[in-house]
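One structure below.
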Amino acid sequence: MDNLILLFKEKKIRVTPQRLEVYRAIFGKNKHLTAEQIYEKIKHKLPAISLATIYTILDSFKEKDLVSEMRIEFDKSRFESRVSFHHHFMCKKCGTIFDIDKPPCPEIACKKIDGHSIEKLQGYFYGVCKNCLDNDGE
């Protein structure tokens, strides 16, 4: 927890129990949660927290580059603590979302394309994950 408090102070984020719990809920590899899922995870620890508060916290985390937002499902946002460049894969059978660690193409790596400056890129792949493929083969 001390590392998280130091991270918040470094990013100039006021340390509150609500902010700590929201970040803990999404911290870690391959966690891609909606605000509603975060709410469900932490409401037992913080019964007075509202969904609106969670959205406000997530917005402040995004501004401070502490979390990233993705729209792999076009009707909802998901949030993750990994802010470095990576792609995502979503299984159309089980709905699981995986991080894909492949290097970007040369244009993306230099953050320029046709003279334009690239600030952010999100790459999404859709298909059937290897777990679902293995289960179908049984």
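The values are calculated or read from the model by the stated rules, or taken from the named source; none is laboratory data. Remember, it's a predicted structure, so these values are computed and weren't measured experimentally. Cβ: placed from backbone, ideal geometry, glycine included. Neighbour counts: every protein chain shown.
Contact map, segment 20-32: first residue free of Cβ contacts under 8 Å to residues at least 40 places away in the same chain, second residue part of a loop (DSSP other than H, G, I, E, B) and not small (Gly, Ala, Ser), Cβ cut-off under 6 Å, separation 6 or more or different chains; pairs are Glu21/Lys45; Glu21/Leu46. For segment 46-61, taking the residues that are surrounded by fewer than 19 Cβ atoms within 10 Å (Cβ to Cβ) and more than 13 Å from Thr16 (Cβ to Cβ), the one that is farthest from the chain's Cα centre (by Cα) is identified as Pro47. If you go through segment 97-138 and pick out every residue that is small (Gly, Ala, Ser) and assigned to a helix (DSSP H, G or I), you end up with 1.
Checked against (1) at pLDDT below 90; (2) under 18 Å from the mean Cα position of the chain (by Cα); (3) on the phi > 0 side of the Ramachandran plot, Asp65 passes all but a single condition, namely (1).
Could you check how many residues of segment 6-19 are among the aliphatic types (A, V, I, L, M) and in contact (Cβ under 8 Å) with a residue 12 or more places away in the chain? Of the residues in segment 6-19, 2 are among the aliphatic types (A, V, I, L, M) and in contact (Cβ under 8 Å) with a residue 12 or more places away in the chain.
Per the conditions (1) exposed (fewer than 12 other Cβ atoms within 10 Å of the Cβ); (2) of a type outside the set (Val, Ile, Thr); (3) in a loop (DSSP other than H, G, I, E, B), the sole criterion not satisfied by Arg82 is (1). If you go through segment 113-125 and pick out every residue that is surrounded by fewer than 12 Cβ atoms within 10 Å (Cβ to Cβ) and either at pLDDT 80 or above or acidic (Asp, Glu) (or both), you end up with 5. Of everything in segment 93-112 that is touching a residue at least 24 places away in the same chain (Cβ under 8 Å) and out of contact with any helix residue (DSSP H, G or I) (no Cβ under 6 Å at 6 or more places or on another chain), the residue that is surrounded by the most Cβ atoms within 10 Å (Cβ to Cβ) is Ile97.
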